[in-house]
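K.L.:
A single structure is presented below for examination.
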Amino acid sequence: MAGKSSARKVRNEDINPCIEESDGSQKCMDAYNYEKSKCSAYFMRYKNCRKYWHAVMLERRRDGVKPDMPSAEERERIIMAAGGKPY
């Protein structure tokens, strides 16, 4: 049962801010027959996304803001305020 729960978390936009980047990496891998070297830009985008939102989460936790991870709607406002994705 734990596998199903974690799979739902991975696909939950309020919990996982990098679904789009993760999907892009997976589609690239599928398209290039799992030749990782062809997809390095997608991997970097995903890594930068995770790094950015992890820093936001730590800052919110430090400041006592709940929830630690902004909701999908709130993240959209943060991205708009930044003039687009900062990663």
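K.L.:
When you go through Val10, Val56, Val65 one by one, which is the residue that is surrounded by fewer than 16 Cβ atoms within 10 Å (Cβ to Cβ), of a type in the set (A, V, I, L, M, F, W, C) and at pLDDT 95 or above?
P.N.:
Val65
K.L.:
Mind telling me which of the residues Pro17, Pro86 ends up being in contact (Cβ under 8 Å) with a residue 40 or more places away in the chain and within 16 Å of the chain's Cα centre (by Cα)?
P.N.:
That would be Pro17, the only listed residue that is in contact (Cβ under 8 Å) with a residue 40 or more places away in the chain and within 16 Å of the chain's Cα centre (by Cα).
K.L.:
So, one more: When you go through Asp23, Asp30 one by one, which is the residue that is open to solvent by 70 Å² or more (accessible area, probe 1.4 Å), assigned to a helix (DSSP H, G or I) and either under 20 Å from Tyr87 (Cβ atoms) or without any contact (Cβ under 8 Å) to a residue 12 or more places away in the chain (or both)?
P.N.:
It is Asp30.
The values are calculated or read from the model by the stated rules, or taken from the named source; none is laboratory data. Just so we're clear, the structure is a prediction, and the values are computed from it rather than from any experiment. In this analysis, Cβ positions are derived from the backbone assuming ideal geometry, glycine residues included, and neighbour counts consider all displayed protein chains. Side chains included, ligands, DNA and RNA excluded: accessible areas come from the protein's heavy atoms. Shrake-Rupley method; radii C 1.70, N 1.55, O 1.52, S 1.80 Å.
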